[in-house]
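The values are calculated or read from the model by the stated rules, or taken from the named source; none is laboratory data. Quick caveat: nothing in here was measured; it's all calculated off a predicted structure. No Cβ is skipped: glycine too gets one built from the backbone with ideal geometry, and neighbour counts run over all protein chains shown.
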Amino acid sequence: MDLDLWLDGRRVARTESRDRGRKVRVVYEPEVVAEVGGEIPLLSCSLPTPGPSAPTAARAFLEGLLPEGRALEAAASRVRGVRLRDGHPDTPADVLAVLAEYGRECAGAVVVVPAGESGDQPGRYRPLGDGRLEAAIGDLPTRPLGADPARGIRMSLAGAQPKLLLARFGAKWFEALDGAASTHILKPDGVWEHSAQNEALVMTLARTLGLTDREVWVERVAGRSVFVTERFDRVVRGRRVRRLHQEDMCQAMGRLPASKYEIGRPSGGPARTLRVFTKDPQAEVERLFRYVAFRALVGDEDNHGKNYALLLSGRWASLAPMYDSLCTLMYPQLSGVMAAPIGAQANLLRVTSDALIDEARAMGLPEPGASAVLTAMAQEMAIALDALDGALTSGWPAERVIELIRDRVHRLQEGKPLGQGRARPGRRISLDEASARRTPESDERRP
Ligand SMILES: Nc1ncnc2c1ncn2[C@@H]1O[C@H](COP(=O)(O)OP(=O)(O)OP(=O)(O)O)[C@@H](O)[C@H]1O
Ligand SMILES: [Mg+2]
């Protein structure tokens, strides 16, 4: 089976399977190439026009659109004939089969449909009636993202944590049907205690520091806390929603989701990608440095390749707003080892301002500028911590996270390693792996 890839209401490319589904290429439409020219990262930095793409980049881009972990297992189990191996699609044909079923609403502006179908359907919105939000959240283990192809809800989004995609107009929730775009992502608390409040608090700090302009909050649904964020890849005017294109750093670098924890230092592939594809590389790389420093300051070890993204618009890419950050140091079950090391340091307890400045230098940022960024961030973070709204801090042990971050800010200012105490022993396991091993019931430790 092959697929058509649509952007902004027009078919821009199609997949071309070969070798009985063991290889796939993305081939741009000749009229599109004639119009936009060559070397344009229309769908992805790893799939520049005119194409056709390298099979590894095509697979990485397409597979990168899919959910991960249990969400992928649940989605794939509903598509006949799809095989996973070690939790990932066995062949490109399996990737295409899952996308054919779920690809109408993805990260970014791409709309993926079986060859010959239209990817230009406005769709419609249906209000979520009383109790339906609770039901949709309860159904997430079997209906990841709220997807329900039988009712015209065909959605795909990366990530291992349970999530629901909805639209929100005038403070009311709607299901997005028949190709309509969602506007918000909802992540219920589950495996990691108070993760919804934790993410809302940390992302509010990110917003105060100017690393995103998206609103976040915590919604209570039938006794559960749910983290809510506006999508940065959607522009909402009344009830009209326009999609902006985005891809994550793994897709941009042509890496499969399975290697998201192996993208190396931010100054390597990620910074290089920004240098090649953005209009103002120095400013974009400095922004990347801010994201890296922010995650270090708040104690977030999950800085992997799918937690950074690019917005793509015509010729240029730019770093997308920050997302998916929380204080993972709050969970003693995790190792505290970052997915991407900073300078010579991978452990959140050991990272120092020197390591951060090493990383900045390796990104091509002069030391005085990097040092000024850190000084300003530390000051801004201290102010932002004091200004947190009670709605974000009540009803859970927020003080633990706040004090932890405050202490890290002080230690950065004093030139000390950001964490105190001994590094946690044991093999590094990723947040994904740790999540997969835990269930809410298995959790006996409460902070
Ligand atoms: N605010 C947002 N706007 C648009 N896209 C977003 C936003 N937040 C996340 N995304 C997209 O959705 C994907 C999944 O979101 P997120 O990273 O929060 O999920 P997760 O399941 O917690 O991920 P992980 O597997 O890293 O734990 C991201 O990789 C990104 O492509
Ligand atoms: Mg993520």
**Prompt:** Within the range 68-77, is even one residue without any contact (Cβ under 8 Å) to a residue 24 or more places away in the chain, closer than 30 Å to GLY190 by Cβ, surrounded by fewer than 18 Cβ atoms within 10 Å (Cβ to Cβ) and of a type outside the set (Phe, Trp, Tyr)?
**Reply:** yes
**Prompt:** Residues in the range 234-252: is at least one out of contact with any Gly (no Cβ under 9 Å at 6 or more places or on another chain) and under 25 Å from ALA339 (Cβ atoms)?
**Reply:** no
**Asked** Just for strands (runs of 3 or more DSSP E) wholly inside the range 311-354: which have at least 2 residues that are under 22 Å from VAL276 (Cβ atoms)?
**Response** 316-319
**Item:** Condition met for LEU311 (in contact with a Lys or Arg (Cβ under 6 Å, 6 or more places away or on another chain), within 30 Å of GLU35 (Cα to Cα) and either at pLDDT 95 or above or not charged (D, E, K, R) (or both))
**Value:** no
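This table checks each residue for (1) within 16 Å of ligand 2 (Cβ to nearest atom); (2) touching a helix residue (DSSP H, G or I) at 6+ places or on another chain (Cβ under 9 Å).
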residue	(1), (2)
LEU244	no, no
MET249	yes, yes
ARG255	yes, yes
ARG275	no, yes
**Asked** Quick one: would you say VAL36 is crowded, with 17+ Cβ neighbours inside 10 Å, touching a residue at least 60 places away in the same chain (Cβ under 8 Å) and aliphatic (A, V, I, L, M)?
**Response** no
**Residue that is hydroxyl-bearing (Ser, Thr, Tyr), more than 19 Å from PRO144 (Cα to Cα) and away from ligand 2 (no atom under 16 Å from the Cβ), where the choices are SER77, SER17** = SER17
**Request:** Could you run through the range 249-265 and say how many residues are out of contact with any Pro (no Cβ under 9 Å at 6 or more places or on another chain) and either free of Cβ contacts under 8 Å to residues at least 60 places away in the same chain or closer than 12 Å to LEU319 by Cβ (or both)?
**Result:** 2
**Request:** Examine the range 127-147 for a residue that is more than 16 Å from ligand 2 (Cβ to nearest atom), touching a residue at least 40 places away in the same chain (Cβ under 8 Å) and assigned to a strand (DSSP E or B), and state whether such a residue exists.
**Result:** yes
**Request:** Enumerate the strands (runs of 3 or more DSSP E) found wholly within the range 190-307, keeping only those where 2 or more residues are surrounded by fewer than 20 Cβ atoms within 10 Å (Cβ to Cβ) and more than 14 Å from ligand 1 (Cβ to nearest atom).
**Result:** 216-221
**Unique residue being out of contact with any His (no Cβ under 8 Å at 6 or more places or on another chain), of a type in the set (D, E, K, R) and over 13 Å from LEU288 (Cβ atoms) when the list is GLU359, GLU380** = GLU380
**Request:** Restrict the check to the range 350-372 and report whether at least one residue is in contact (Cβ under 8 Å) with a residue 40 or more places away in the chain, under 28 Å from VAL216 (Cα atoms), surrounded by fewer than 20 Cβ atoms within 10 Å (Cβ to Cβ) and over 15 Å from the mean Cα position of the chain (by Cα).
**Result:** no
**Request:** Test each condition in (1) within 16 Å of ligand 2 (Cβ to nearest atom); (2) free of Cβ contacts under 8 Å to residues at least 60 places away in the same chain for GLY159 and report the one that comes out false.
**Result:** (2)
**Fill in**
All-but-one check, ALA167 against (1) within 16 Å of ligand 2 (Cβ to nearest atom); (2) aliphatic (A, V, I, L, M); (3) in contact (Cβ under 8 Å) with a residue 60 or more places away in the chain, failing number (1)
**Request:** Go through the range 3-33 and count every residue that is touching a Ser or Thr at 6+ places or on another chain (Cβ under 6 Å) and assigned to a strand (DSSP E or B).
**Result:** 5
